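Colleague: Here's a structure for you.
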């Protein structure tokens, strides 16, 4: 008897909570429509700048908002605060997905989003289009970064490009004697280095396999590695499942990747230029990076402003500050990426920096397939709706790892 | 002030119990109920937002998808292996500390066993990463037969991380067994092995059970050690993390989290059946 | 005292130190087959340590433990044919009474029907046949004591060691258990070695006893011998009570040099001015204290600078007893004792 009473009380509590939650979330709209064009939320861009607020709340990649606390000589936040009066609170996020989640709390004014987060934020109504005329430094940003699929929608920029990099093929020159020129070294021929192959631990890495298949198996008809039909996705997943047998470990933390190559755990696999630089400066092992003939995937970061930013003027000031030549050069060197600002190349402490990162090499940049969030409405601009979405990629990625 | 409460014991009791009760009901049970509820929700495929609904798709996926089944079994295997290893390693350690070591050495060993708890989890896990690396210490000691990164390294690392949680209850358990019982057993003709089996083990079993609840549930929920020393291995909590953070599929993550929740509840029930929890 | 013909237990030069503390020092002892032997002494006198060395729980620092003619000094406890009844009984709390008693047989591989029969017999012997299914936690102190006894005896050891077995029981139960122990020892006929600090218990139960003090044996012998002829001042004081006549007073009181003991019940109280009989020594003095305790009355007398305690049996007619008890402090009085009642002590 008492047990039954308790049980129904529990049901009542649960029901009450459910009703409350349903009530809360139904108000925040969005609806369940499935077409990109229909569902681009109408968020107005700012017309002109007002007075600076006193605060700015940011979500950033590690190393994007240095205030001297990591290295006293690396500080571009303090001068910004002095100049604008905007006190900066920077929250570091570890992954694109975490950034999306944090932005949805509504507590932040802006974010340094990568291409695999941007569209989710745009179509989630979390960010506003940017009035580029209010950001003077935008004019000298590399043209090949403007109005791209991953940072614009409806013909409008949804942020200011910050920097970019490529996912390269890196190998230990002692263990890998014949220089590879194809991604097949880590896919179809990965058994040569069984147990010593590494790969990037994210569903977005499926695009690397798709890019490889684009050249290797034209009959699949892959045009864009982020716009995969069910059949194309299956083919890419099969490549990765075979690769898994020869993978020693996956990496997502770049310090782990450095350590894996230095210890000999990994001898070949996908990497970022910054990882190769760190290994080279440690000098424990010799590595080389190449751009395989199939091309490469990459990432391009964009500063975006929250749709309901509480401090929009400070955010506009920040977007202009971080893309100014000197600051952009500082960030790019600290983090290890190509600066988006063309004028930054004259400001780097290492004169060869922009060359090693191909910063102003439009042809190099054009060969990079930048991370973007796969959606059912294909992101290749074809307007087709038979593509596979990121959530499906995630499930497939888990199956690949088994 | 104190006189006011002294004359009103009910008021005092109420004030005393309200914060913990609120914590239990709202923060603890509330969050679990929420978790269970979202398992029935759906995700808007486009915006990625979780939306209230009532459907069983997520739970069906968890039960039927061979991936989830395989990973859940692997995780169970890891949790059980870690628990067994910890019990086997902690048993002689705790026995020595409680029954053989001098009081001064006992204090030293207690400190030595608990000190690693003060060190950062990541530091300890990365230390094992170095130990297991190719041509690393374990490779050298075993003459090139180090298992390398993978499931065995994960089990070893987790067993190391959670060992204090087994040693401490077991030490307390041994401490409660009078030395005269061990002497009585020997006196009646039992060899040391027989005494351990017939007298010591049954008496400290509740302590092993208490410790195993920690090692089992901590191992079942861990997803960090495996990313550091597990090579390409993934465990159940990695899938939950991936669904929650990477795929932003909160409902499926919630459905998946029911698995460890059930596993730990079943484990507790199994321990209760053995009568192990009565004296804890 | 008779020489022990077939010693079950033989201790030779047994010594045990814990750090700098000498617990047992040069103990030699022989205990015969079927003897009920007591080791008596105050706490810390080393008697329990000797017992534990015989059982095999402690290793002697030097010396040897010979059991049944075989040197078993290095033999571990579980291979020795002795059983112990522990002070705290040490019953296994997770086993029933029956399982506790069966344990020793089980580890020796005594199987099925025989085990059941012998467990039943052992429990019958201590009159606990109907409690076999209980757990130790459900028993009274006396019942636990009997279970411990049954458990120790069921394996039919050659020697039973008992470590203060009655210490935790109340007085009434202790007296009852003493009789039972005695009866059981007669029944099984094996050597019982018994550690106690209670001299009454030792005198009541044992055939022979050894008195321990500071890690050494002061005297060994049958109870009457130890009581009547205490060899040392310590024994005279610890076993029963004694009046000690120190060397300084000996010449005046006894008429010869030495230290002497005399039991209170050996001192006769005379009326003031009465003379001792032939063969008796006498003293005059005054009453210091009179303690009436039913069967006896204790009278403390100040005489010749000594305090002598005399126990008088109240076996006279009630009126006379009342008169004797009516003595007052300071009343003149005389005491007398037989020459042979004086025990010279080794000091």
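Colleague: Among the residues of the stretch B:178-203, which ones are buried (at least 18 other Cβ atoms within 10 Å of the Cβ) and touching a residue at least 60 places away in the same chain (Cβ under 8 Å)?
Modeller: B:182, B:200 - these are the residues of the stretch B:178-203 that are buried (at least 18 other Cβ atoms within 10 Å of the Cβ) and touching a residue at least 60 places away in the same chain (Cβ under 8 Å).
Colleague: Let me confirm something: among A:340, A:362, A:352, which residue is at negative phi, surrounded by 23 or more Cβ atoms within 10 Å (Cβ to Cβ) and either out of contact with any strand residue (DSSP E or B) (no Cβ under 9 Å at 6 or more places or on another chain) or modelled with pLDDT of 85 or more (or both)?
Modeller: A:340
Colleague: Could you please let me know if residue B:101 is under 19 Å from residue B:196 (Cα atoms), without any contact (Cβ under 8 Å) to a residue 60 or more places away in the chain and more than 24 Å from the chain's Cα centre (by Cα)?
Modeller: yes
Yes/no per residue for (1) more than 10 Å from every other protein chain (Cβ to nearest Cβ); (2) modelled with pLDDT under 95; (3) part of a loop (DSSP other than H, G, I, E, B); (4) closer than 17 Å to residue B:232 by Cα:
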residue: A:236; (1), (2), (3), (4): yes, no, no, no
residue: A:248; (1), (2), (3), (4): no, yes, no, yes
residue: A:257; (1), (2), (3), (4): yes, yes, no, yes
residue: A:260; (1), (2), (3), (4): no, yes, no, yes
residue: A:269; (1), (2), (3), (4): yes, no, no, yes
residue: A:276; (1), (2), (3), (4): yes, yes, no, no
residue: A:281; (1), (2), (3), (4): yes, yes, no, no
residue: A:284; (1), (2), (3), (4): yes, yes, yes, no
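Colleague: State yes or no: is residue B:84 within 25 Å of residue B:222 (Cα to Cα) and away from chain A (no Cβ under 14 Å)?
Modeller: The answer is yes for residue B:84.
Colleague: Within the stretch A:176-209, work out how many residues are assigned to a loop (DSSP other than H, G, I, E, B), within 14 Å of chain B (Cβ to nearest Cβ) and within 12 Å of residue A:239 (Cβ to Cβ). Give the steps one after another, and end with the answer.
Modeller: Of all residues in the stretch A:176-209, those assigned to a loop (DSSP other than H, G, I, E, B) come to A:176-182, A:186-189, A:194-196, A:201-202.
Add one more test, that the residue is within 14 Å of chain B (Cβ to nearest Cβ), and what stays is A:186, A:194-196, A:201-202.
Then keep just the ones that are within 12 Å of residue A:239 (Cβ to Cβ); that gives A:186.
Of the residues in the stretch A:176-209, 1 are assigned to a loop (DSSP other than H, G, I, E, B), within 14 Å of chain B (Cβ to nearest Cβ) and within 12 Å of residue A:239 (Cβ to Cβ).
Yes or no, residue by residue, for (1) within 30 Å of residue A:331 (Cβ to Cβ); (2) touching a helix residue (DSSP H, G or I) at 6+ places or on another chain (Cβ under 7 Å); (3) assigned by TED's automatic domain parsing to the domain that holds residue A:264:
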residue: A:133; (1), (2), (3): yes, no, no
residue: A:137; (1), (2), (3): yes, yes, no
residue: A:145; (1), (2), (3): yes, no, no
residue: A:157; (1), (2), (3): yes, yes, no
residue: A:181; (1), (2), (3): no, no, yes
residue: A:189; (1), (2), (3): no, no, yes
residue: A:196; (1), (2), (3): no, no, yes
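Colleague: With the requirement that a residue be at pLDDT below 90 and surrounded by fewer than 13 Cβ atoms within 10 Å (Cβ to Cβ), what does the stretch B:88-103 give you?
Modeller: Within the stretch B:88-103, B:100, B:102, B:103 qualify.
Yes/no matrix, rows are residues, columns are (1) within 14 Å of chain B (Cβ to nearest Cβ); (2) surrounded by 19 or more Cβ atoms within 10 Å (Cβ to Cβ); (3) at pLDDT 85 or above:
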| site | (1), (2), (3) |
| --- | --- |
| A:298 | no, yes, yes |
| A:325 | no, no, yes |
| A:358 | no, yes, yes |
| A:381 | no, no, no |
| A:391 | yes, yes, no |
| A:394 | yes, yes, yes |
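Colleague: Considering only the stretch A:124-157, how many residues are touching a residue at least 24 places away in the same chain (Cβ under 8 Å) and either part of a loop (DSSP other than H, G, I, E, B) or surrounded by 22 or more Cβ atoms within 10 Å (Cβ to Cβ) (or both)?
Modeller: 18
Colleague: OK, next. Which residue is nearest to the other protein chains (Cβ to nearest Cβ), if the candidates are limited to the stretch B:36-53 and must be modelled with pLDDT of 85 or more and more than 22 Å from residue A:100 (Cα to Cα)?
Modeller: Checked the stretch B:36-53; the qualifying residue nearest to the other protein chains (Cβ to nearest Cβ) is B:37.
Colleague: Going through the stretch B:109-137 one residue at a time, which ones are part of a helix (DSSP H, G or I) and more than 25 Å from the chain's Cα centre (by Cα)?
Modeller: Answer for the stretch B:109-137, where residues must be part of a helix (DSSP H, G or I) and more than 25 Å from the chain's Cα centre (by Cα): just B:137.
Colleague: Then there's this: From the list C:119, C:110, exactly one residue is more than 7 Å from chain B (Cβ to nearest Cβ), over 23 Å from residue B:178 (Cα atoms) and either assigned to a strand (DSSP E or B) or in contact with a helix residue (DSSP H, G or I) (Cβ under 6 Å, 6 or more places away or on another chain) (or both). Which is it? Give the steps one after another, and end with the answer.
Modeller: On the way: C:110 fails: either assigned to a strand (DSSP E or B) or in contact with a helix residue (DSSP H, G or I) (Cβ under 6 Å, 6 or more places away or on another chain) (or both).
Being more than 7 Å from chain B (Cβ to nearest Cβ), over 23 Å from residue B:178 (Cα atoms) and either assigned to a strand (DSSP E or B) or in contact with a helix residue (DSSP H, G or I) (Cβ under 6 Å, 6 or more places away or on another chain) (or both) holds for just one of C:119, C:110, which is C:119.
Colleague: Which fully enclosed strands (runs of 3 or more DSSP E) of the stretch C:4-49 have 1 or more residues being touching a strand residue (DSSP E or B) at 6+ places or on another chain (Cβ under 8 Å) and exposed (fewer than 15 other Cβ atoms within 10 Å of the Cβ)?
Modeller: C:7-18, C:21-32
Colleague: Can you find even one residue in the stretch C:78-93 that is more than 9 Å from chain B (Cβ to nearest Cβ) and free of Cβ contacts under 8 Å to residues at least 40 places away in the same chain?
Modeller: Scanning the stretch C:78-93 turns up no residue that is more than 9 Å from chain B (Cβ to nearest Cβ) and free of Cβ contacts under 8 Å to residues at least 40 places away in the same chain.
Colleague: Can you pull out the helices (runs of 4 or more DSSP H) entirely within the stretch B:161-280 that have at least 2 residues that are within 14 Å of chain A (Cβ to nearest Cβ) and in contact with a strand residue (DSSP E or B) (Cβ under 7 Å, 6 or more places away or on another chain)?
Modeller: Working: elements: B:179-187, B:192-195, B:201-221, B:225-229, B:236-241, B:250-273.
The helices (runs of 4 or more DSSP H) meeting that bar are B:250-273.
Colleague: Name the single residue that is nearest to the other protein chains (Cβ to nearest Cβ) among those in the stretch B:138-151 being surrounded by 18 or more Cβ atoms within 10 Å (Cβ to Cβ) and assigned to a loop (DSSP other than H, G, I, E, B).
Modeller: Looking at residues that are surrounded by 18 or more Cβ atoms within 10 Å (Cβ to Cβ) and assigned to a loop (DSSP other than H, G, I, E, B), I get B:149.
Colleague: Of the residues B:106, B:69, only one is modelled with pLDDT of 90 or more, surrounded by fewer than 18 Cβ atoms within 10 Å (Cβ to Cβ) and closer than 23 Å to residue B:264 by Cβ; which?
Modeller: B:69
Colleague: In the stretch A:55-78, what residues are loosely packed, with under 14 Cβ neighbours inside 10 Å and either within 14 Å of chain B (Cβ to nearest Cβ) or within 20 Å of residue A:339 (Cα to Cα) (or both)? Quick ask: steps written out before the conclusion?
Modeller: First, pick out the residues of the stretch A:55-78 that are loosely packed, with under 14 Cβ neighbours inside 10 Å: A:62, A:68-73, A:78.
A:62, A:73, listed by residue number.
Colleague: Okay, next question. Evaluate the following for residue A:399: is it touching a residue at least 40 places away in the same chain (Cβ under 8 Å), assigned to a loop (DSSP other than H, G, I, E, B), within 13 Å of another protein chain (Cβ to nearest Cβ) and touching a helix residue (DSSP H, G or I) at 6+ places or on another chain (Cβ under 9 Å)?
Modeller: no
Colleague: Determine whether residue A:66 is more than 24 Å from residue A:156 (Cβ to Cβ) and at pLDDT 85 or above.
Modeller: Details: more than 24 Å from residue A:156 (Cβ to Cβ): yes; at pLDDT 85 or above: yes.
Judged against the criteria, residue A:66 is a match.
The values are calculated or read from the model by the stated rules, or taken from the named source; none is laboratory data. Since the structure is predicted, the reported quantities are computational estimates derived from the model, not experimental observations. With ideal geometry, Cβ positions are generated from the backbone for all residues, glycine too; neighbour counts draw on all protein chains shown.
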